[in-house]
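The values are calculated or read from the model by the stated rules, or taken from the named source; none is laboratory data. Predicted, not measured: the structure shown is a model, and the values here were computed from it. Here Cβ is always computed from backbone atoms with ideal geometry, including for glycine, and neighbour counts include all displayed protein chains. Please note that ligands, DNA and RNA were not included when accessible areas were found on the heavy atoms of the full protein model with its side chains. Shrake-Rupley method; radii C 1.70, N 1.55, O 1.52, S 1.80 Å.
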Amino acid sequence: MMEVLQVGIDDTDSKRGMCTTYVGAVTLDRLRERGIEVEGFPKLIRLNPMWPHKTRGNCAVSFTVKVPAPSVPLVKRIVLDTVGSLAEMEVETTNPGVVFYPSPEIPKELREYTRRVIQEVVELEEAESLAREIGAEVHKFKLGRGVIGALAAIGHTLERDFTYELLAYRVRENWGKPRRVDPSSVLEMDRLTYPQTFDNVDRESGEIRITPHTPCPVLYGIRGESPEVLLRAHRLLRTLEPVERIVIYKTNQGTDEHLRRCRVSEIRPYTSVILEGRVAGDPRVIPGGHVIFTLEDETGRVDCAAYEPTRRFREVVKALRRGDRVRVCGGVREEPGIPRTINLEKLSVLELAPLLKRRNPLCPRCGKSLKSEGRGKGYSCKRCGAHFPQAKPELLPVERKVERGTFEVPPRCRRHLAKPLVREVHREY
Ligand code: ATP
């Protein structure tokens with residue numbers, strides 16, 4: 001008799017090191033050494049990017065195995081031993097969780113729970129009680145907060161929109177040292193595989209984006225639309241240090257799943273939103289070079305910010321004017337002492353307000369610009385001396401420095417879940 005077991009893992013890393021994707025990759029290799037293969041691709045699920053207690057990218061992993069019933073305890077032991085030995089247990093904020101779910105079906109309530117872990121905030125008690133209800137087995141290390149993400153990773157079926165990421169890991173003695181990947185090979189790989197792979201390079205700054213800057217075991221991660229293109233891209237790279245192992249995850253990265261359409265009055269802290277409304281006043285530049293404007297809909301007003309590192313995107317925001325109709329996507333920032341602000345990820349300019357500027361009329365006789373004689377006293381021409389008591393100033397359209405369209409922050413400012421515009425085939429904002 002074969003049995004299906006879905007496994008979820010989360011909260012194994014700290015700012016000092018480790019990465020839950022690595023714990024997943026090592027677990028998969030250890031299972032493989034015992035002849036146990038996963039069904040399909042393992043999953044890398046990004047959770048709520050606005051959740052304040054995440055370490056970095058708020059990710060959890062899961063995978064499914066189908067094994068003879070007597071092998072189930074072996075699978076569980078390998079998973080728990082790997083998490084126990086690799087997780088950063090000595091760091092207070094690392095509280096791993098492992099969930100085993102003995103069924104191939106994902107019940108509706110688990111799907112709905114996963115959606116909430118990606119878009120909202122969920123309590124550990126709720127995760128544990130749902131696990132009990134659906135018959136999932138929960139293992140908590142220390143406080144076990146990782147159970148929230150581990151269960152959510154199992155609950156994501158990745159059916160609608162998804163991407164893949166190929167991760168290459170470093171040998172342990174290189175962890176924390178500068179990463180050695182030939183940058184020219186990354187540019188070449190990007191040239192040959194973009195947009196089937198994306199976010200390899202930040203074109204504006206020339207920065208290589210596939211190598212992280214943290215002391216974690218990841219050497220690089222390539223994101224793309226299919227496993228085949230990722231393997232091709234991986235082969236195109238010249239890596240100047242040993243690669244310990246690679247893994248390809250199927251993932252919800254680059255799908256915009258974190259965003260929820262709402263009105264200003266419905267904005268909640270720790271969420272990411274899509275809002276539509278009018279620009280309530282001309283944008284202002286604050287110290288640090290950040291650009292802020294106020295968006296208004298029929299229910300209220302909220303500030304929207306483009307931060308300095310977003311460069312060209314910030315220039316688009318700066319060119320908005322009062323009355324423009326826009327749609328914005330972004331995370332809700334709430335900090336003591338500053339007004340609630342939407343941290344912009346994307347901006348659609350839907351309608352440009354017609355802007356007019358006043359100009360003195362031209363002399364109908366000689367074409368020179370007339371001078372005003374004062375309020376209600378008309379205009380006169382300094383060249384030919386003619387007087388025009390009834391003349392009125394002319395209203396001319398102002399040329400706008402922004403066009404209708406959708407704009408996004410550059411890759412180096414992008415959230416893992418944010419959908420790059422280049423992937424924008426089916427959905428409109
Ligand atoms: P990395 O991406 O480097 O693996 P991380 O950013 O995923 O690290 P974790 O160390 O996994 O951070 O910590 C996130 C913790 O927050 C986990 O315990 C997870 O279960 C929990 N969590 C994630 N999303 C939510 C949410 N929406 N509500 C409540 N808890 C959450």
| request: Leaving ligands, DNA and RNA out of it, work out the accessible area of residue 180 with a 1.4 Å probe and give it in Å² to the nearest 10. | output: 130 Å²
| note | Of 213, 156, ordered by accessible area with the largest first and a 1.4 Å probe, the sequence is 213, 156
| For the chain, accessible area per residue (1.4 Å probe, heavy atoms of protein chains only), Å² | 48 Å²
| said: List the pairs from 140/419; 142/419; 140/346; 140/250; 43/142; 15/76 whose alpha-carbon separation is above 31 Å, in the order I gave them. | reply: 140/419; 142/419; 140/346
| field | Pairwise label distance in nanometres, residue 228 with residue 89, each label 7 Å out on the Cα-Cβ vector | value | 4.5 nm
| Mean Cβ neighbour count within 10 Å, used as a protection proxy, ranking 259-266, 397-404, 138-145, 40-47 highest first | 40-47, 138-145, 259-266, 397-404
| request: Among 136, 117, 169, pick out the residue whose Cα is farthest towards the positive end of the charge dipole of segment 83-180, where Lys and Arg carry +1 and Asp and Glu carry -1 on C-beta, about the Cα centre. | output: 169
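Could you give the dipole magnitude of the chain about its Cα centre, charging the beta-carbon of Lys and Arg +1 and that of Asp and Glu -1, in debye to the nearest 20?
Result for the chain is approximately 2760 debye, rounded to the nearest 20.
Ignoring ligands, DNA and RNA, what percent of the accessible area of the chain is carbon or sulfur (1.4 Å)?
50 percent
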| message | From the convex hull of the Cα coordinates of the chain, what is the mean projected area in square nanometres? | response | 27.4 nm²
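If 419, 54 are ordered by their accessible area, calculated over protein heavy atoms with a 1.4 Å probe, which sequence runs from highest to lowest?
Per-residue accessible area, sorted high to low, gives 54, 419.
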| field | Options 31, 279, 348, ranked by Cα towards positive dipole end of the chain, top entry (Cβ charges) | value | 279
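Would you work out the charge dipole size for segment 360-411 about its Cα centre, treating the Cβ of every Lys and Arg as +1 and the Cβ of every Asp and Glu as -1, and quote it to the nearest 20 debye?
It works out to roughly 440 debye.
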